[in-house]
Amino acid sequence: MRVNQMRLVVEVEDYDAAVAFFRDALGLTEEAAFSGGGDERVMILEAGRATLELANPAHHRYIDEVEVGRPVAPRFRIAFEVDDTAAGTAELVDAGAEQVAAPTETPWRSLNSRLDTPGDLHVTLFQELEAQPPHSPPKAAPQ
């Protein structure tokens, strides 16, 4: 079997606010949108390369400690790589996110911030501070 795409499906109470935040403020590209009877709506947003990061509870707590200084993340957290974490964080706060932690440099040399967003999602924005050589193996510590 070969997987061609990973799609994270999230039920959001305030659909319009979530679309405005993730499509308009964060800049994810609308791939498709559908509606049906009874106010049924869905939008598929393209977010670049997708990965699935599996972390045991100890690592989950460690990342919270590094990025925020205390346990805050629910079981699921979405991380987006951006070019400028500080500017992106400010833009997303202006668009309705609540800043949980300001941009912080991690031991693995990325600049990470934490946000609670419309749609009740817990998000990390991260910016790689050191360019990786082409075809290099991924860093040992995840975002």
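Summed over the residues of segment 1-87 and divided among them, the accessible surface reaches 76 Å² per residue at a probe radius of 1.4 Å. Applying the criteria of a DSSP loop state and at most 15 other Cβ atoms within 10 Å to the chymotrypsin sites (Phe, Trp or Tyr not before Pro) of segment 36-85 yields 76. Under 18 Å from the 7 Å Cα→Cβ point of residue 12, by amide nitrogen: which residues of segment 39-57? Under cut-off, by backbone N: 39-48. Evaluated on segment 1-69, the Kirkwood hydrodynamic radius is 14.9 Å, with distances taken between all distinct Cα atoms. Of the beta bridges in the chain, as assigned by DSSP with both residues counted there, near 85 percent are antiparallel.
Each stretch of four or more DSSP H residues adds -39500 (n - 2.57); spread over every residue of the chain, this sum gives -5000 deg cm²/dmol at 222 nm. Scanning the chain for trypsin sites (Lys or Arg not before Pro) in DSSP loops with at most 16 neighbouring Cβ atoms within 10 Å leaves 8-48 as the longest stretch between them.
Nearest 10 degrees, 0 to 90: what angle lies between the long axis of helix 85-94 and the longest principal axis of the chain (Cα atoms)? The angle comes out at about 30 degrees. For segment 3-61, averaging the sequence separation of C-alpha pairs within contact (under 8 Å, six or more residues apart) and dividing by the residue count gives a relative contact order of 26 percent. Of the whole protein surface, residue 106 contributes about 10 Å² of accessible area at a 1.4 Å probe radius. Eigen-decomposition of the gyration tensor built on the alpha-carbon atoms of the chain gives equivalent ellipsoid semi-axes of 26, 19, 15 angstrom, largest listed first. Relative to the longest principal axis of the Cα atoms of the chain, the long axis of helix 57-67 lies at roughly 80 degrees. Dipole size of the chain about its Cα centre, with +1 on Lys/Arg Cβ and -1 on Asp/Glu Cβ: approximately 740 debye, rounded to the nearest 20. Surface composition of segment 28-119: carbon and sulfur make up 50 percent of the accessible area, probe 1.4 Å.
The values are calculated or read from the model by the stated rules, or taken from the named source; none is laboratory data. Only a predicted model underlies this, so the values are computations on that prediction, with no experimental measurement involved. Every residue, glycine among them, receives a Cβ derived from its backbone with ideal geometry; neighbour counts consider all protein chains shown. Note: accessible area is taken over every heavy atom of the protein model, side chains too, but ligands, DNA and RNA are not part of it. Shrake-Rupley method; radii C 1.70, N 1.55, O 1.52, S 1.80 Å.
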